[in-house]
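One structure is given here, and the rest of the page talks about it.
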Amino acid sequence: MTLSYIVLATLAGGLLSVLIAASLTIGVLSRLVQSLVSLSAGVLLGTAVDVNHINRLGWTALLEAIILGDGGPAHTEIVRLLLAAGARHDIADAQGVTPLAHARQRGQGPIVGLLLAAERR
């Protein structure tokens with residue numbers, strides 16, 4: 001699974017570079033990014049990948065999306081998809097900081113909303 005995801009991400013990154021070089025409008029690029037997020041989500045949801053795997057840094061995919069993300073629409077959608085795929089919102093990082101605390105610290109309002117909704121379920 002990891003290799004497939006890396007290949008998909010590499011292809012997507014290369015395609016995005018070509019489109020940027022072709023000077024496409026921001027609207028077109030935005031729609032393309034959303035399509036790539038949906039495609040990646042399809043790969044994620046269609047596999048047996050453990051969305052709660054903890055890496056060497058002590059992060060799950062959910063924590064990584066929040067910590068390394070900018071909180072914009074694409075990262076918010078990634079967080080939504082991870083939660084829909086069974087990502088646990090209560091797994092803290094190696095320092096004991098939860099995804100919700102990280103999202104609040106970074107001012108990622110829409111992601112905070114998704115995490116609070118996940119807590120209520």
With the charge dipole of segment 52-121 built from beta-carbon charges (+1 for Lys and Arg, -1 for Asp and Glu) about the Cα centre, the Cα from G86, I54, L68 projecting farthest to the positive end belongs to G86
Computed Rg/Rh for segment 52-121 (Cα atoms; Rh = Kirkwood radius) stands at 0.91
Nearest-0.05 FRET efficiency for R104 and A48, computed from C-beta distance (R0 25 Å): 0.20
So, over other residues within a Cβ distance under 13 Å of Q108, counting Lys, Arg +1 and Asp, Glu -1, the net charge is +1
Cβ-Cβ FRET estimate between R121 and R56, R0 fixed at 30 Å, reported to 0.05: 0.50
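We did not get these values from a lab; they are worked out from the coordinates using the rules stated. These numbers were taken from a predicted model, which means no experiment stands behind them. Glycine also receives a Cβ, built like all others from the backbone with ideal geometry; neighbour counts cover every protein chain displayed.
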